[in-house]
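What follows is a short report on a single structure.
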Amino acid sequence: MMQQKMSEGSAHRLVAVIARVMKYLLPVAVSAGMVVWLFHKVDIRQIGEIMSSGVDYRYLVAMMVLTVLSHVIRGIRWGIQLRAAGIPRIPVLAESVSIFGAYALNLLFPYLGEAWRCVYISRREQCKLSTVVGTDIGDRASDGIMILLLVFIALFVARPYMDRFFDRYPLGEAIDRITTSGGLWIWIAVVVALLVAGDYFFRRTAFVKGVNRSLRRIWNGFVVLFHMKGTGLYIVLTFGIWICYFLDTYLCFFAFPFTRQLISGQGYCWGLIPGLVVFVFGSCSMGVPSNGGLGPWNIAVMFALSLFGISESDGAAYSLVCWSFQTAMLIASGIFSAIYIILSRRRRPAHRPVMDKANLINSGNSEK
């Protein structure tokens, strides 16, 4: 019996080790594989010539400034959710730093930054981590809604170019086939049914009780989106974030001679239609686990530009230069975040733990 328990424990440890290795190695492998494929498809010498003589770097610097602005706006928007969840007002600089550090850490491992910013706020304000995680999920859910909205807009205003992607490329054909067939939705329904059944039949176990408690806290942090003060400002800030993101892509069109043609091209609406298509492709690619989008984002942007007659080498040069400048900005802002956190810890006095909104309500009921 004891030997059996030891073997089961060893198996669990082995599974845990394999899961951890896959968690860190898979994004690196995805990024490396796609970068190798990218350089195999393009002319490296031509890319070097474009980068050395054909780029107006003023627009890339403007793009970096806009990216910083989008992160500041995102921090302010997250602060609205945190206050609605019962967490006291945080200085705008601290809100911005939480976003700067998160995006810098995402360059190392996907979603590591999301975990870090939740832990950072939880420790800084001494509040429940699960509540902060719930607000983070709400934050990302808002982004998901915006991406879906942008996809629908692109399908409407840039339908010929989107159809060209679905018809010309195997990836587009696969996406069209998967999303229009019923098999995908059946599998999703089966998985959801199994999870619900498992929760019901094992609801009395300590593990499931703990999971449900955490999920309730996460849900409480998420639903503040629907009854919080400042909903109008939250919506305005959400559009502000995504307008900045779009302008990042659009401004970079001015930096390259081959994309400047898209701005003056007939039927392109001053380059807004190509900008929207490239932006949507790049945004959707961020769902692929990789280091800061390296690989999936570059290839998605290259595909999108090819729909408007941009060669693979030119598209690769555009994506690599833009990604490199944005990454440099993320690293710089991450260093700034680290310095700010170190200095603020030295200056900030200790304070009483802050209770989240759910705990405050429970405390008031118990006193009654």
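The numbers here are math on the coordinates, done by the rules we state, and not lab data. This structure is a prediction, so every number in the text was calculated from the model and none was measured. Using ideal geometry, Cβ is built from the backbone for each residue, glycine included, and neighbour counts are taken over all protein chains shown.
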query = Only one residue in Ile241, Ile263 is closer than 30 Å to Arg89 by Cα, hydrophobic (A, V, I, L, M, F, W, C) and in contact with a helix residue (DSSP H, G or I) (Cβ under 8 Å, 6 or more places away or on another chain). Which one?
reply = Ile241
query = In segment 79-110, what count of residues is obtained for those that are free of Cβ contacts under 8 Å to residues at least 40 places away in the same chain and within 19 Å of Gly293 (Cα to Cα)?
reply = 2
ask   = Do we have any residue at all in segment 130-139 that's surrounded by 23 or more Cβ atoms within 10 Å (Cβ to Cβ) and of a type in the set (A, V, I, L, M)?
value = yes
task = May I ask you to say which residue of Leu108, Leu60 is assigned to a loop (DSSP other than H, G, I, E, B) and either aliphatic (A, V, I, L, M) or buried (at least 22 other Cβ atoms within 10 Å of the Cβ) (or both)?
result = Leu108
ask   = Out of curiosity, is Gln261 outside any loop (DSSP other than H, G, I, E, B) and more than 24 Å from Asp143 (Cβ to Cβ)?
value = yes
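Could you run through segment 269-283 and say how many residues are surrounded by fewer than 19 Cβ atoms within 10 Å (Cβ to Cβ) and of a type outside the set (A, V, I, L, M)?
2
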request  = Find the residue count for segment 226-253, including only residues that are more than 22 Å from Val61 (Cα to Cα) and either among the aliphatic types (A, V, I, L, M) or touching a Phe, Trp or Tyr at 6+ places or on another chain (Cβ under 8 Å) (or both).
outcome  = 5
